[in-house]
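Read through the structure below, which is laid out as C-alpha cells, and then see the notes.
The values are calculated or read from the model by the stated rules, or taken from the named source; none is laboratory data. Bear in mind that the values here come from a model prediction, so they are computed numbers and not experimental data. Cβ atoms come from the backbone with ideal geometry, glycine included; neighbour counts cover every protein chain shown. Just the protein is used for accessible areas: all its heavy atoms, side chains included, with ligands, DNA and RNA removed. Shrake-Rupley method; radii C 1.70, N 1.55, O 1.52, S 1.80 Å.
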Amino acid sequence: MDDETSRRRVPTIDQVAALAGVSRATVSRAFTRPEMLSEATVQRVKAIARDVGYVPNQVARALSTGRHGNLALIVPDVANPFFPPLIRAAQLRADEAGFCVFLGNSDELAAREDVLVGRFTSQVEGMILVSSRLDEERIRLYAERRPIVLVNRDVAGIPRVLIDSATGITAALAHLIDHGHRRIVYVSGPSASWSNQQRRLALRREAAKRGVEIIAIPARPPTHETGYAATAQILASKATAALAFDDLVAQGLLAGLAERGIDVPGQFSVVGCDDVLGATTYPPLTTVSARCKEAGQVAADLLMDLLKVKAMRDVRYVLESHLVVRGTTGPVAVS
C-alpha cells in the first residue's frame, strides 16, 4: 500500500459527522467542548469515532481552538510511594474527560519545579501541583497564565486539596503518650513542605498540652536512606519513640534499628505517615492514613471544573486523616 492510499483510508472528521448525522462543528465540540452538547450526542459521536478509528488531531485542535487536550501534574518525588496512587487516580479522571497528562518530577527542588511549570505552560490547558515547593508569589504568577489546582499546599484564592494529617498526627501522639512515651522524636521532612509544617505545628501544640517533649531531627530529602541515616541521632536523643514524616523515612528507621539489634516495639516505637507501606514492613507499621488516591481524584475533578467555567474559584477541599495502629508501637520498655 502506498502513502497516498494509506492517507485516503485515514478516518476523517467528515466521515464521523456523516455517520453520526451531525455537522463537523458538532464532532469537533464533542471532543473539545462537550459541555455545549447533550450527553447523548457526545456519547454517539465518540462511539462512532472509536468504531471507525478516528482520532482528533491535537496539533490542529490547539492551533484552531487554543485547547491542547493536555494537563500537567508535577510531584516532588515520583519514586516516593505516596505519589503513584495519586498520579494514577488523577490520570484516570483526566482520561475519562479526554485529556492526556504530562508528568513532571521536581526532585524536591523549587528551581526544577519552576522550570517544569514554565515549560508546561505553553503545552497544557491546566496544571496540578502536588506538594509544591514554589513560593506563593511564583504560584500566583503561574495561576494567572493557566488554571492551577494545588494538592497539599494552602494558597488562598487558588483551588486546593489538603490532606489534614494534623488530625492523624495528634491521634498518633496521644497513642504514644497513652503507652507511656514522654520523650519523642519527630523525624521531619522538607522545610518547604506544607504537610511537614502542619505536622510539626500539630505535634508542638499537642505536646505542650500533654506535657511531653518533642525533639525534631531532619531527614531530608524524605527517603529510606535518610531515615536509616538518622537512626544514630535518634537513639542518641534518648527518646523512646519516633514519629516519621512519612512511611519511607519510617521504613529506613526500622532498618537502622534492626541493624543495631533494637526490638520494635519492645525497646522502641515507630509511627509513620501516609499509610503507603505500613502493611508491608516488618513489623507492620503503625501509621497515619493519607487519602492520596482520593486527593488525586478530587484535584483532577476541580481542574476539569476550572477549565469549564474559565474562572478561578477559592475552593479549599480538606480530607481528614486517622491513625492506623499496627505492630510498631507499644509500651515504654521497663529498664
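Couplings for the stretch 144-156, taken from phi via the Karplus curve 6.51 cos²θ - 1.76 cosθ + 1.60 with θ = phi - 60°, read 6, 9, 9, x, 10, 10, 9, 10, 6, 8, 9, 10, 4 Hz in order; Gly and Pro are left as x. Would you list which aspartates and glutamates come within 14 Å of Lys293, measuring only between C-alpha atoms, while excluding same-chain residues fewer than 8 positions from it? By straight Cα distance, Lys293 reaches Asp274, Asp275, Asp301, Glu320. Label the stretch 62-139 by shape, choosing from rounded, prolate and oblate, from the square roots a ≥ b ≥ c of the eigenvalues of the Cα gyration tensor; if a/c is under 1.5 it is rounded, and otherwise prolate applies when a/b is larger than b/c, oblate when it is not. Taking the square roots of the gyration eigenvalues as a ≥ b ≥ c, the stretch 62-139 is oblate. Remark: the chain carries 46 Å² of accessible area per residue (probe radius 1.4 Å; ligands, DNA and RNA excluded). Judged by the gyration tensor of its Cα atoms, with axes a ≥ b ≥ c, the stretch 200-300 is oblate; a/c meets the 1.5 cut and b/c is at least as large as a/b. Rank Leu201, Leu134, Leu248 by mean-square fluctuation in a GNM of the chain with C-alpha springs under 10 angstrom and give only the top-ranked residue. Between Leu201, Leu134, Leu248, it is Leu201 that shows the largest mean-square fluctuation. Considering only Glu144, Glu39, Glu108, give the residue with the highest GNM mean-square fluctuation for the chain, with springs between Cα atoms whenever their separation is below 10 Å. Most flexible of the set in this elastic network: Glu39. Distance between the modelled labels on Ala258 and Ala279, one decimal in nanometres: 1.9 nm (7 Å Cα→Cβ projection). Solvent-accessible area assigned to carbon and sulfur over the chain amounts to 52 percent, based on a 1.4 Å probe.
The Cα center of the stretch 203-277 and the Cα center of the stretch 113-151 differ in position by 33 Å.
Extension gain for Phe102-Val309 works out to 72.3 nm (0.36 nm per residue, less the C-alpha to C-alpha distance).
Amide H contacts of Asp164 (H built 1.01 Å from N, in plane; Pro and chain starts excluded): Leu319, Glu320, Ser321 sit under 5 Å, all sequence-distant by 5 or more or on other chains. Considering only Ser188, Ser23, Ser237, the mean-square fluctuation computed in a Gaussian network model of the chain, springs between alpha carbons under 10 angstrom, is largest for Ser23. In the chain, the calculated helix contribution to ellipticity at 222 nm averages -14000 deg cm²/dmol per residue, counting -39,500 (n - 2.57) for every DSSP H run with n ≥ 4.
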